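One structure below.
Rule-based calculations on the coordinates, nothing more; no lab input. Here the structure is a predicted model, which means the values were calculated and not measured. Methodologically, a virtual Cβ is constructed for each residue, glycine included, from the backbone with ideal geometry; neighbour enumeration extends over all protein chains shown.
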Amino acid sequence: MMNIPIPYTPKADDGIAIILLCCFFLSAFVLAKTKKFLWQQGNNFILHKDRTSIFSSSTATDVHYLLLLVLQTCILSGICFFNYFDNDNPLLVQQIHPYLLLGTYTGVCLVYIILKWLMYSFLGWVFLDRGVTDMWLESYSTIIYYLGFALFPFVLFLVYFDLNTDIMVIIGLGFIILAKLLIFYKWLKFFFNNIYGLLLLILYFCALEIIPCFIYYQVLIKINSLLLLKI
């Protein structure tokens, strides 16, 4: 009798389970340590309160904890893309080690966030004053922190309840659209002056927020193709 190999599924992967368990404990730990600060960050974001930058309004310990949330957001985003490509192209996981793919997707997400941070900092240095730039970077960081919390239950359903690919894409796009709407909301608060400014703002928004998303996806596709060729 021939042995038929069992197809790989993320929900049967102990490594994925350990990563999700670590993310759960990380969320609980960071929330316990910085609950008041995170609440204040969210309150400042919604009410658009003027604050100094995150690096001057929080302690170094707070910043370290919040950087862990950024890492968690990248890991959970990596798992989302891993599941998507596993469903879209099962051959990918059969030929390439799952942890290599997951690590690659997580690393690309981290690079994307860092590049966006550097781009915002550079544009703020060129066109804006330091105070406005710091407040914008703080608002952008707040979105990343809270996105990590929001992604966790979605990833659990994604991994252990075998969500249909179409549903997965719809919910994933919902998270992206929500994040972009929040970014656009803050852009309006910071930079909107008149109707001509709004038109210019929309152009900048498309160039800095929409187009990079398509580039990010194409980079992942290209990486998948390179891995299939090299390995």
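Per the helix-only calculation at 222 nm, which mean residue ellipticity applies to the chain, given -39500 (n - 2.57) for every DSSP H run of n ≥ 4 and division by its residues, nearest 500 deg cm²/dmol? Intermediate values should be presented prior to the final figure.
Working: 9 runs with 192 residues, N = 231.
Here the helix-only value at 222 nm equals -29000 deg cm²/dmol.
Where in the chain is the longest stretch that carries no chymotrypsin sites (Phe, Trp or Tyr not before Pro) classed as loop by DSSP and with at most 15 other Cβ atoms within 10 Å?
Numbers: sites that count: Y8, F161, F192.
The segment 9-160 is the longest one with no such site.
Sequence neighbours fewer than 8 away in the same chain don't count; with that in mind, list the lysines whose C-alpha is under 17 Å from K222.
K230
Pull the list of the chain cysteines that no other Cys approaches to under 4.7 Å, Cβ to Cβ.
So, C22, C23, C80, C206, C213.
How large is ³J(HN,Hα) for each residue in segment 68-78, as worked out from phi by the Karplus curve 6.51 cos²θ - 1.76 cosθ + 1.60 (θ = phi - 60°), to whole Hz, x for Gly and Pro?
Coupling constants for segment 68-78: 5, 5, 4, 4, 5, 4, 5, 5, 5, 5, x Hz.
At 0.36 nm per residue, minus the direct Cα-Cα distance, what do L128 and L228 gain on full extension? Give it in nm, one decimal, please. Spell out each step's value before the answer.
Working: separation 100, 0.36 × 100 = 36.00 nm, distance 4.42 nm.
Value of the extension gain: 31.6 nm.
Spin-label point model (7 Å from Cα, Cβ direction): what's the C213 to D13 distance in nm?
The answer from the label model is 2.5 nm.
Hey, which aspartates and glutamates would be in cross-link range of K116, C-alpha to C-alpha under 15 Å, not counting anything within fewer than 8 residues on its own chain?
Cα-Cα hits under 15 Å: D134, E138, E209.
Can you figure out the FRET efficiency of K189 with D88, using R₀ = 45 Å and their beta-carbon distance, to the nearest 0.05? Could the numbers behind the result be given before it?
Details: r = 38 Å, r/R0 = 0.84.
Between K189 and D88 the formula returns 0.75.
Specify which labelled value, from [x] 17.1, 48; [y] 15.9, 45; [z] 19.4, 75, agrees with Rg and Dmax of the Cα atoms in Å derived from the coordinates of the model shown.
Answer by label: [z].
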